[in-house]
1. Which of the three applies to region 218-310, rounded, prolate or oblate, going by the alpha-carbon gyration tensor with a ≥ b ≥ c and a/c under 1.5 meaning rounded?
2. What is the sum of charges around THR131, taking Lys and Arg as +1, Asp and Glu as -1, for the other residues whose C-beta is under 12 Å from the C-beta of THR131?
3. Between 0 and 90 degrees, rounded to the nearest ten: what's the tilt of helix 274-284 against the longest Cα principal axis of the chain?
4. Select from SER237, THR273, ASN249 the residue farthest towards the positive end of the dipole of region 222-279; place +1 on Cβ of Lys and Arg, -1 on Cβ of Asp and Glu, and compute about the Cα centre.
5. Roughly speaking, to the nearest percent, how much of the chain's 1.4 Å accessible area is carbon and sulfur?
6. So for region 17-78, taking the charge dipole from beta-carbon charges (+1 Lys/Arg, -1 Asp/Glu), which of TYR68, ILE50, PRO31 sits furthest toward the positive end?
7. Highest first, please rank the peptides 129-140, 237-248, 290-301 by the mean number of other Cβ atoms sitting within 10 Å of their residues.
8. Can you match volume of the Cα convex hull per residue in Å³ to one of these, (1) 134; (2) 167; (3) 144, based on a calculation from the structure here?
Amino acid sequence: MKQQKLTTLGKVFDRVDEMSAACYDHNIDVPDVSFDNLDVLRIAGEPHPIRPVAQRSISNRLGIPYPYLRRCPPDVQAQNLNHWITKEKNDQLLFRFDGQDVRALFTTKYIPVDNFEVCERLDSLGYGPDTEVQCHLDPEFMSLSIPDGKKAFEIDGDKFKPGISISNSEVGLASLSIAAFVLRIICTNGLISKSDVSASYRHVSTKILGEFPQVLDRVSYELGNQRSQFALSIESSVDDPESTLASFNRQFGLNAQEKDAVEWAWPLEMGDTMFAVVNTYTRAAQWDELSAESSFRLSRVGGNILGMLN
């Protein structure tokens, strides 16, 4: 289940805790791994369902194009996978499980950063359980944005709260990332800004969690730019907004579902300015059919477009 509207950090922490209850990691000897097909692998003979993200990771790891493999019948999938797993250079691989399901696969050098660790770090920095946040969360991705009411501003009657946004994927969809964030109060659209100092780290060490205070401070310096950019977007007229949206959809490589979300959002934000265009993408992030990662991407697209204005 994906949370979208404003909630509290305590509720997010509870949800993260609940989702991680059956999660665990193991280093698995490669010779113990075999495949029934793309959907089921065996470890020392015991079957484990493979989730879609892990299927893609395994395909990439073994050098087999995923679209090709997905189209193959199960016996051909097994033939390909069982052949190429014997060519794996590592003696062991890190498997991330949720119950019996394989949710991700990495080399043993990869040190994942879990959502629970991120929440604990925020708590240690003074963001208590009652802290108001906007959150997109599912088993594959978390985007957690914290608005700061003390820095709120208003433009033409529209009220905004800037803040910080933290995103993370436990299954390798993205690195831990921190960026500036702006919440539009009237509709709780959240924009994740294009940023010069936004920080993103590969998951090679949990030491990055210790850098949170410094990174948060650096990102907070960007927040002053957001007010002027929003004001500029209101002043920037657009002759053909729908054509402009289609162009941005192509430029940012939106998938079919994300394009559907933009189409759903446009009538709610319709207007002939870049302000309307930007808010169409941030509104699209609220579409219920999206994954948490897609919601984050659309919020980020809105921020990238806003950052283009000059």
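The values are calculated or read from the model by the stated rules, or taken from the named source; none is laboratory data. The shown structure was predicted, so the numbers you read here are calculated from the model rather than taken from an experiment. Neighbour counts are summed over all protein chains in view; Cβ atoms, including those assigned to glycine, are modelled from backbone coordinates with ideal geometry. Only protein heavy atoms, including side chains, enter the accessible area calculation; ligands, DNA and RNA are left aside. Shrake-Rupley method; radii C 1.70, N 1.55, O 1.52, S 1.80 Å.
1. On the way: a/c = 1.92, a/b = 1.22, b/c = 1.58.
Oblate, because a/c is 1.5 or more while a/b does not exceed b/c.
2. Summing Lys/Arg as +1 and Asp/Glu as -1 gives -3.
3. Relative to the chain, helix 274-284 is tipped by roughly 40 degrees.
4. ASN249
5. Values: 7010 of 14500 Å².
C and S atoms contribute 48 percent here.
6. Value computed over the given set: TYR68.
7. In decreasing order of mean packing, 129-140, 237-248, 290-301 become 290-301, 129-140, 237-248.
8. This structure yields the entry labelled (1).
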